[in-house]
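Enquirer: One structure coming up, written as structure tokens, with questions to follow.
Throughout, read-outs are computed from the coordinates displayed, never taken from laboratory work. Values in this document were obtained by computation on a predicted structure and should not be read as measured data. With ideal geometry, Cβ positions are generated from the backbone for all residues, glycine too; neighbour counts draw on all protein chains shown.
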Amino acid sequence: MFTIGLFGVLTRRNAVGILLAIELMLNAVNINLVSFARFRGDLGGVVFALFAIAITVAEVAVGLAIVIVIFRVRKTVEADHLDLLRG
Amino acid sequence: MTGEAVAFGAVAVVLVAASLAVVLTRNLFHAVIYLAVALVATGVVFLLLESPFLFGVQLLLYAGGVVTLAVFAIMLTERLIGERLTQTNRFIANGAIVCAAVLAAVLGFLAGTPSGPLPAPTADATPAIGRALSGPFALPLELLGVLLVAALLGALHLARPDD
């Protein structure tokens, strides 16, 4: 699941599509955390996954707000066209 | 094949199929729908892993919140009303090779580790999570609150219309 998300981040053109693929990667990590917590009897993995979910929600909110601002300024959200930082 | 293993196999198939659909589909709205399916499947995996609390949190925050946010963002960043956003991706071959290499590395690492016996299923850990959050993990909880407020203010400020 992590590699599928990685593939999406690398190949998606739309910025929102990239953010969706990042969600997949974060979910894969959460599954890993919770399964370790289950099979080791340790509760720390579950708490870590809980915090990861909450932080991800905050990150998605800010990321989408940034995408909306970019669209307002540049009138496009295609990753190929957002190349102001390119040397 | 225990019932739990069969259930996990079914959920895993749904999860992988939904993930592939998220990154490969042409219509971005469909990608968000498939992401919602993948997130619900992840919640079911949490349920199979004896974490009903995380299942509920996942459904509420992820499948409810993140999907809503993504739908709004897609609606606000579509150039023409009704235009079908196509996703003709370049660098597909490069991305596929990189991801296949990463997957091979992870699976190879997993194959080398011995799989121990399955521990007995534990009782519902939700009260223990609550105790942990208000005890040893109280500081991260407060910091998380600060982070959420900061994210809220930041998103609000970024999304303000130009006055």
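Enquirer: Could you pull out every residue, at least 5 positions away or on a different chain, whose amide H is within less than 5 Å of the one on residue A:14? Hs are placed 1.01 Å off N in the peptide plane, and Pro or chain starts have none.
Expert: When sequence neighbours closer than 5 places are left aside, the close amide H contacts are A:79.
Enquirer: Along Cα→Cβ, 7 Å out, is where each label goes; now give me the distance between the ones at residue B:111 and residue B:17 in nm to one decimal.
Expert: 2.7 nm
Enquirer: Cα-based Rg (one decimal) and Dmax (whole number) for the stretch A:2-74, in Å?
Expert: Cα radius of gyration and Dmax of the stretch A:2-74 are 14.8, 50 Å respectively.
Enquirer: Say each of residue B:148 and residue B:6 gets a label point 7 Å from the Cα, pointing the same way as Cα to Cβ; how far apart are those two points in nm?
Expert: Each label point lies 7 Å from its Cα, and together they span 4.0 nm.
Enquirer: How many nm separate the modelled label positions at residue B:75 and residue B:131, each set 7 Å beyond the Cα in the direction of the Cβ?
Expert: 4.5 nm
Enquirer: For q values of 0.26 Å⁻¹, compute log₁₀ I(q)/I(0) with the Debye formula on a Cα-only model of the stretch B:1-64, without solvent.
Expert: Cα-only, vacuum Debye calculation for the stretch B:1-64: -1.03.
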